[in-house]
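The values are calculated or read from the model by the stated rules, or taken from the named source; none is laboratory data. Please read all numbers here as calculations on a predicted model, not as lab measurements. Methodologically, a virtual Cβ is constructed for each residue, glycine included, from the backbone with ideal geometry; neighbour enumeration extends over all protein chains shown.
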Amino acid sequence: MSYFYAIILAIIEGITEYLPVSSTGHMIIASSFMKIASDDFTKLFTIVIQLGAILAVVVYYWKRFFQSIDFYLKLLVAFIPAVVLCLLFNDLIDSLLESPVTVAITLILGGIILLKVDDWFKQNEEFDKNNPTEHTHISYATALKIGFFQCLAMIPGTSRSGATIVGGMAQKINRKTAAEFSFFLAVPTMLGATVKKTYDYYKAGFELNTDQINFLIIGNVIAFVVAIIAIKSFIDYLSKKGFKIFGYYRIILGIALLIIHFFIYKLSI
C-alpha cells in the first residue's frame, strides 16, 4: 500500500459507509484494481478506518447519541445478531471479501430492491396527527428485526446501511428515522469489527510498521471528514428524493464490474 492508495480508500470509505451502496464492495473493487486486496494489511486497513466514520456519527449526532440507557439497550439488541453470525461464519465471510463477482451480483440485486422500496413503504412517510410517533418509534422487537437485516451485509456488496434502512422501513419506520438508527447501529457494529480484525491480525503474527501506522491515522482522519459531509448530504437527499438514484447507481456499477471482470480486465485479488 502507498499513501496515495490509503487516501483514495479512505475517501471511498467516508463517502460510501452511510450510503446504501456498500462501502466494503467499493473498497474491494478499488483495492482489486490497485492489486492490493489480498494483502493482510489492506484487509485490516479497510476495517480500521471505519473508526473515523464511527466518530463522524458521534460528532454529527452528539446530543442525540448520548441519550438514555433505553437507547443503548436497543442498539445492543440490534447488534447481537451480527455478533453471533460473525462468530459462526467468520471464515466464509473472509472468503467472500475477495470476490468482485459476488460484489457485482449483490450490487445489482440490492439496486433492484432500492428501485422499489420507496413504493413498497410509501405509507411510512405519512404523518398521522392522532399518532405522531407511529412511523418514528423503535421498539426492542423492531431493533432486533433490524439487527437481523444487518446480517445480510455480511455478503459483500449488500450494504450495511442499505440493509438496515430497508429493514427499518419494513417495520413501518419512515426513511429518516430508519437511516438515523442505521447510523447509530453502525457505531457498535464497526467498533466490534475493528477490535476483532485487529485482534486477528496480531494473533496471526503480524505487526504494524511506522508507515502502516501512518496509513491508519491518515485513513481515519480522511474517513471522518468525508463521512460527516456524506451523512448530512444523504439525510437531506433521502428525506426529499428517496432511494431510486442509489438503485440505478448500484445496477450500473454492478453490470460495469461484471463486464470489466469477464470481458476486459480480469480482476484478480
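Things worth noting here:
- Out of ASP91, ASP70, sole residue that is modelled with pLDDT under 75 and surrounded by fewer than 13 Cβ atoms within 10 Å (Cβ to Cβ): ASP91
- Test result for GLY192, in contact with a Cys (Cβ under 9 Å, 6 or more places away or on another chain) and touching a residue at least 40 places away in the same chain (Cβ under 8 Å): yes
- Cβ pairs under 6 Å, 6+ apart, first in region 20-37 and over 11 Å from THR102 (Cβ atoms), second part of a loop (DSSP other than H, G, I, E, B) and charged (D, E, K, R): SER23/GLU17
- One residue stands out in region 1-19 among those that are small (Gly, Ala, Ser) and touching a residue at least 24 places away in the same chain (Cβ under 8 Å): the one that is nearest to THR106 (Cα to Cα), namely GLY14.
- Members of region 103-112 found to be within 13 Å of LEU152 (Cβ to Cβ) and either aliphatic (A, V, I, L, M) or modelled with pLDDT under 85 (or both), listed by number: LEU109
- Yes/no for ASN174 being buried (at least 19 other Cβ atoms within 10 Å of the Cβ), more than 15 Å from the chain's Cα centre (by Cα) and farther than 26 Å from LYS74 by Cα: no
- Residue within region 127-138 that is farther than 24 Å from TYR60 by Cβ and either among the β-branched types (Val, Ile, Thr) or surrounded by 14 or more Cβ atoms within 10 Å (Cβ to Cβ) (or both) present: yes
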